[in-house]
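I have placed the structure first, in the form of structure tokens, so that the comments after it can refer back to it.
Where a number appears in this text, it was derived from the coordinates with a stated rule and is not lab data. Everything numeric here is computed off the predicted structure, so don't read it as measured data. Cβ coordinates were reconstructed from backbone atoms using ideal geometry, including for glycine residues, and neighbour counts include every protein chain displayed.
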Amino acid sequence: MATNRIHSAGLVAGLQQRVIFSVLILLAPLVSAEPQEQLANLVLQDCGSCHGMTLKGGLGPPLRAEDLARLPAPAIAAIIRDGVPGTAMPPWRALLSDQEIRWISEQLKAGALVAPQ
């Protein structure tokens with residue numbers, strides 16, 4: 001019985017170490033890049049997975065400046081922060097600070113976040 005508990009504890013500890021190691025590997029590029037570069041990559045990769053890799057639309061609507069012209073930057077920030085209930089747009093408040101969300105919304109509004117050609 002005690003052997004099973006020790007074996008289970010060892011498996012859990014090993015799994016925890018693997019998860020932590022995997023997370024560190026995934027975050028390594030984020031730590032080495034400049035903050036704005038990190039956020040730009042996040043938009044192009046994570047947001048681009050739904051909004052299109054060139055932000056011209058996909059599952060989600062386009063995020064180009066001309067498509068966002070009717071929305072003020074604070075409204076875009078609110079959508080990023082809180083998501084859109086009943087849609088595939090998740091809230092990002094748990095992953096991004098208000099400052100990061102504000103920066104992303106301003107960059108999207110200005111058309112400054114574009115995929116490399």
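With charges set only on the Cβ (+1 for Lys and Arg, -1 for Asp and Glu), what does the dipole of the range 33-117 come to about its Cα centre, in debye to the nearest 20?
Values: 7 positive and 9 negative charges, 51 e Å.
Around 240 debye, computed over the range 33-117.
Kirkwood hydrodynamic radius, the range 33-117, all distinct C-alpha pairs: what's the number in Å? Working shown, then result.
Working: mean 1/r = 0.0789 Å⁻¹.
It is 12.7 Å.
Among 56, 109, which comes first, then next, by fewest other beta-carbon atoms within 10 Å?
Values: 56 14, 109 20.
Ranked by crowding around the Cβ, least crowded first: 56, 109.
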